Structure formats: C-alpha cells, structure tokens
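**Student:** Take a look at the following structure, please.
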Amino acid sequence: MTNPHIAAVSQALLAARENKTPIDPTPLLNELQNAQDAQAVQEQVLHALAPNQHTPARYWKSGGPSRQNDIANTALLESGIWSSPAVAGDHAFNIRLIEIEIAFKTNRSVTPQEAATMTQEEGHRLIDALTVSIEVVDSRWEQNDKASPLLKLADMQSHGALVLGDWLPYSEREIYRDWSKQRCTVKIGTHAPLEFVGTHSLQDPRWVIPFWVRHATAGNQTLPAGSVVTTGSWCGMPAAQNGDLVIAQFDGIGGASVQL
C-alpha cells in the first residue's frame, strides 16, 4: 500500500519540476517522519522522472557535516550529469548555489555482502579515478530555508546538476594525497576567486565510500563498476546567478567549469 504522506511529498516535488516553479513546503512539513521516508520520496521521484534509468543508479551524491553525523546518500538523474566544460543552456534552476567537490569512480562492482562489512581501507581500494566536480544546488521548495531537513533530503538533497571534469587515475600519488593541505578555488562570474585549503567537512573525501556503497546496495542489488560518487563541498554554498561562468580548480587534480 502506498504511504499517503510519502505520496503527497512526491507529487508536490514532481509538480514543481513539471511546472518549473517551486512550491510552498509549509503544508508538508509534518508529512515525513524520518530519513527512510525522505529516501522513499527520492526513489518515487527518480522512478517517475527516469523509469528506465539503471538501478542502482550509477551517479550519486554523498556527504555529511562531520564524521560524527550520518552520511546522506542520494541517487542522481543521469540527465543532470554534465561533462566539463558544461553549458546549462535552458536547464531550469530555481536557485544556483555552488559546491566544488571531489568525485570518485569505482574500479569494480560491489555486492551487498561486500558492502555490509566494507572498511575505510577497502573503500579506498575501490577507487579507479577521481575528478573535480561542481554541483549546482537547487531547490523545488519555495523559500528553501522554510523546508525541513527531511523535505530537503526528499528533494534529492537539493540537487540541481553535477558537472564532472577530466578523470585522473588513482595512482600511488593519489593514495597518499594529504587532503588537509589540499588547495582549491572557485570563481563565480565577475567575482574574485575564493580560495580554500583543507576545508572538507570529513577531512578526507574518501570517508563516504563505505557508507555510500552500503546505501546503494541496500536493495540487495550490486553496484556496478564505474559508478560515481561526489563527496561534499569544500567551499560552502556561494550563490551564482544566471549567466555566470563558474570555474573550480583543485591543485594537482584538475578543474571543471559550467556556464549558467
């Protein structure tokens, strides 16, 4: 039986996407009781928008505010995965907040049994390559600050689009990269570049990998080789405007750009 509370939030998000107009979250603030409800909404929306997309998804976002907090994981629409240099064109955004991130690609498939006991070291050995990514954060909720954390999670963690740079092989040099000293910059439109060093909330972006693969295989499905996860912002969420060119650079790794 369909949960009417989950269905109500799913229908609201799908209507906002179809109409390209954000919706008031206030009437829905008490519909979702926990993260499982929010993830059920994600699944319903994803299936409605892309019924033929591979399951489990091949592209994900993952992250959290600290190692002491839960890691949130969200499957992404493949239609919103763009290669750098990217041009948003007429893609509809309600807001345009920018996160610059590191994304990883897996070198083999992962079964649910493997994922269940995966250690950090085993997660690191899954990495085939890494790249710079830009996430354009968007919201289907009107006045996004009014939406509860569960409604934001239901809205694909406020995901808009993901831009991926060129892939860098995960060599021995990368295995021993000191993320605490990693420098990165983001330039948005005509504003001066913003610089950040060692600012990832989890200290090491690879930290998300075991949590991500456990979530992705929770439906007793194998995560395919070549799956991609982006791992959380290094720059907070500075705002961009329609027409801005956004450029991200990570020293020793590469860059990515998107024309909004």
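**Student:** Take the residues in the range 29-47 that are hydrophobic (A, V, I, L, M, F, W, C) and touching a Leu at 6+ places or on another chain (Cβ under 8 Å); name whichever of them is surrounded by the fewest Cβ atoms within 10 Å (Cβ to Cβ).
**Tutor:** This residue is Leu29.
**Student:** Would you check which residues across the range 244-260 are loosely packed, with under 15 Cβ neighbours inside 10 Å and small (Gly, Ala, Ser) and list them?
**Tutor:** Gly252
**Student:** Another question, if that's okay. Out of all the residues in the range 83-105, is one or more over 30 Å from Gln33 (Cβ atoms), in contact (Cβ under 8 Å) with a residue 60 or more places away in the chain and out of contact with any strand residue (DSSP E or B) (no Cβ under 7 Å at 6 or more places or on another chain)?
**Tutor:** Yes - at least one qualifying residue is present in the range 83-105.
**Student:** Restricting attention to the range 222-243, which residues are surrounded by 13 or more Cβ atoms within 10 Å (Cβ to Cβ), of a type outside the set (A, V, I, L, M) and part of a loop (DSSP other than H, G, I, E, B)?
**Tutor:** Result: Thr222, Pro224, Gly226, Ser227, Thr231, Gly232, Ser233, Trp234, Cys235, Gly236, Pro238.
**Student:** Give the residues of the range 19-70 that are of a type in the set (S, T, N, Q) and over 27 Å from Arg206 (Cα atoms), sorted by residue number.
**Tutor:** Matches in the range 19-70: Asn19, Thr21, Thr26, Asn30, Gln33, Gln44, Asn52.
**Student:** Restricting the range 108-140 to residues that are in contact with a Leu (Cβ under 6 Å, 6 or more places away or on another chain) and of a type outside the set (Gly, Ala, Ser), which is farthest from Tyr59 (Cα to Cα)?
**Tutor:** Once the filter is applied, the top-ranked residue is Arg140.
**Student:** Can you tell me how many residues within the range 172-200 are small (Gly, Ala, Ser), more than 16 Å from Asp251 (Cβ to Cβ) and without any contact (Cβ under 8 Å) to a residue 24 or more places away in the chain?
**Tutor:** 1
**Student:** Checking the condition surrounded by 14 or more Cβ atoms within 10 Å (Cβ to Cβ) and either modelled with pLDDT of 95 or more or more than 13 Å from Val208 (Cα to Cα) (or both), which residue from Ser83, Ser62, Ser79 passes?
**Tutor:** Working: Ser83 fails: surrounded by 14 or more Cβ atoms within 10 Å (Cβ to Cβ); Ser79 fails: surrounded by 14 or more Cβ atoms within 10 Å (Cβ to Cβ).
Going through Ser83, Ser62, Ser79 in turn, just one is surrounded by 14 or more Cβ atoms within 10 Å (Cβ to Cβ) and either modelled with pLDDT of 95 or more or more than 13 Å from Val208 (Cα to Cα) (or both): Ser62.
**Student:** A follow-up question, please. Does the range 7-18 contain any residue that is surrounded by 13 or more Cβ atoms within 10 Å (Cβ to Cβ) and outside any helix (DSSP H, G or I)?
**Tutor:** So far as the range 7-18 goes, no, none of its residues is surrounded by 13 or more Cβ atoms within 10 Å (Cβ to Cβ) and outside any helix (DSSP H, G or I).
**Student:** Tally the residues that are over 29 Å from Gly219 (Cα atoms) and part of a helix (DSSP H, G or I), restricting the search to the range 19-42.
**Tutor:** Number satisfying all stated conditions: 3.
**Student:** Since Val186 meets every condition but one in (1) loosely packed, with under 15 Cβ neighbours inside 10 Å; (2) under 29 Å from Ala88 (Cα atoms); (3) β-branched (Val, Ile, Thr), which condition does it not meet?
**Tutor:** (1)
The values are calculated or read from the model by the stated rules, or taken from the named source; none is laboratory data. Computed from a predicted model, the values in this text were never measured in an experiment. Note: ideal-geometry Cβ built from the backbone for every residue, glycine included; neighbour counts use all protein chains shown.
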